[in-house]
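Beneath this line is the structure, given in structure tokens, with notes to follow.
The values are calculated or read from the model by the stated rules, or taken from the named source; none is laboratory data. None of these values were measured; they are calculated from a predicted model. Cβ sites come from the backbone with ideal geometry, for glycine too, and all protein chains shown count toward neighbours. Only protein heavy atoms, including side chains, enter the accessible area calculation; ligands, DNA and RNA are left aside. Shrake-Rupley method; radii C 1.70, N 1.55, O 1.52, S 1.80 Å.
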Amino acid sequence: GRGVRRRGALGAMTKYSVIIPTYNERRNIGILYLLLREAFAHPSLRDDEFEIIVVDDNSPDGTADVVAALQREFGDKNLLLRPRADKLGLGTAYVHGLTHATGEFVIIMDADLSHHPSAIPKFVAEQRASGCDVVTGTRYVPGGGVHGWDTRRKLTSRVANYLAHVLLAPGVSDLTGSFRLYRKDAMLDVVQRVKSRGYVFQMEIMVRCKKAGLKVREVPIAFVDRVYGSSKLGGAEIVGYLKGLLRLFMTV
Amino acid sequence: IPSCFTSSGKAQDFCATMSRLLTLGSIVAGFFAVWVCIMQSGLGEAELQAVQLLPLWALVSFGLYSIAVIGWSLAHFPTCLKDAEILQGEMKEAQSELCARGVLSAEEIE
């Protein structure tokens, strides 16, 4: 099987590509960029190279302009903007980012600051220690956590999770999480078979990774939800989740 | 016995391609087959009635177990107030830096 990656005598460098889909994240993308730079400066990542790929779906608020301003101001050749013409969905945004990624590993994360870049060194450390193919951030175990959810939202999450465990036995505690590290080739291979959209995409890709025999490890992460108040979990989303869950149950 | 439990390579490959529905479905079907066999074997009236109720009892038990697990996990939902507070501070710092560097204009800061 895959052995644990050993650093060569000369400190073999590993390149990581961080893929960030954005839509109307003008206010957050700059902050996220600064936090990412801080994370990449972590001592354990000294010998590694990071590139950031922002996949912007033609945000009307000018997110792409902010990224361009960051590129100019910081002269960062590893900050890449790979826009798309329209709001085409999360799954295809990841695929788009993947086709431009030149790293050996890719890290996917959200642009709204619910995911904190300080977890990236932990993902990398876990991958190095275990030689695994996927590291997934989990909000639902001690050490991780969620801020900004009321009891109703927490209950919805627990019921949804329980159903997913019974029906899919996914082997991970957070199936819909979107803060993950993947070995790029493995993700490219699996993502071709994924047909879902939205957060069901995250579920399907995890289930398919497991089915393909990939080694998956979990790292607790903190999730700070600042948008829950304005974007409530509606009936349509719940129905979509159940439909997606049932489809995965029957087909994977 | 479902082929999943044998160690033959071919059987494992077949299992690996089976959907979760088929896997669970065949296990449930297996239990039902055993149940039907017991029902049809020569048993006394009282035992037969007890066996008849087994599936219902199993379902109710599963339901109660589920409620208990969900309730417990809800009560022990991990939170991260500290991280939220740290993020607030980091956001303010980052915003001033971005403003100073001309990436964001002053009126964009919340």
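Residues A:66, A:239, ordered by accessible area of protein heavy atoms at a 1.4 angstrom probe radius and largest first, appear as A:239, A:66.
Within the assembled protein chains, the solvent-accessible surface assigned to residue B:96 is about 70 Å², based on a 1.4 Å probe. Taking only the alpha carbons of region A:171-252, we obtain Rg and Dmax values of 13.8, 39 Å in that order. Interface residues of region B:34-81, defined as a loss of at least 50 Å² in heavy-atom accessible area between the chain alone and the complex of all protein chains with a 1.4 Å probe, are B:70, B:74, B:77, B:78, B:80. Each peptide in A:100-108, A:213-221 receives the mean, over its residues, of other Cβ atoms within 10 Å, and ordering these scores from highest gives A:100-108, A:213-221. Here the Karplus relation 6.51 cos²θ - 1.76 cosθ + 1.60, evaluated at θ = phi - 60°, turns the backbone of region A:167-184 into coupling constants of 7, 10, 6, x, x, 10, 7, 10, 7, 9, x, 10, 10, 9, 10, 10, 5, 4 Hz, with x for every Gly and Pro. Sorting B:57, B:35 by accessible area puts them as B:57, B:35; the probe is 1.4 Å, largest comes first, and only protein heavy atoms count. Based on protein heavy atoms only, region A:143-212 ends up with 39 Å² per residue of surface accessible to a 1.4 Å probe. Normalised by the number of residues in region A:145-219, the mean separation of alpha-carbon contacts (under 8 Å, six or more apart) gives a relative contact order of 27 percent. Look at the alpha carbon pairs under 8 Å that are at least 6 residues apart: their mean separation over the length of chain A gives a relative contact order of 23 percent. Spatial offset of region A:9-50 relative to region A:169-195 amounts to 20 Å, using the alpha carbon center of each.
Of A:95, A:135, A:159, the residue with the greatest mean-square motion in the GNM of chain A, using alpha carbon springs below 10 Å, is A:159. The alpha-carbon atoms of the protein assembly as shown define a convex hull whose volume equals 161 cubic angstrom per residue. Rounded to whole Å, the principal axis extents of the Cα atoms in region A:76-235 read 43, 35, 31, largest first.
Expressed as a whole percent, the accessible area of the protein assembly as shown that falls on carbon and sulfur atoms is 60 (1.4 Å probe). When B and A come together, around 3300 square angstrom of accessible surface is lost from both chains combined, probe 1.4 Å.
About its Cα centre, the dipole of chain A is roughly 840 debye, where the only charges are +1 on Lys and Arg Cβ and -1 on Asp and Glu Cβ. Using the 1.4 Å probe convention, the accessible area of region A:31-82 works out to 42 Å² per residue with neighbouring protein chains retained.
By the equivalent-ellipsoid construction on the alpha carbon gyration tensor, region A:55-99 comes out with semi-axes of 20, 14, 5 Å, ordered largest to smallest.
Of the residues in region B:83-103, those shielded by at least 50 Å² of accessible area once partner protein chains are present, compared with the chain alone at a 1.4 Å probe, are B:87, B:90, B:91, B:98, B:101, B:103.
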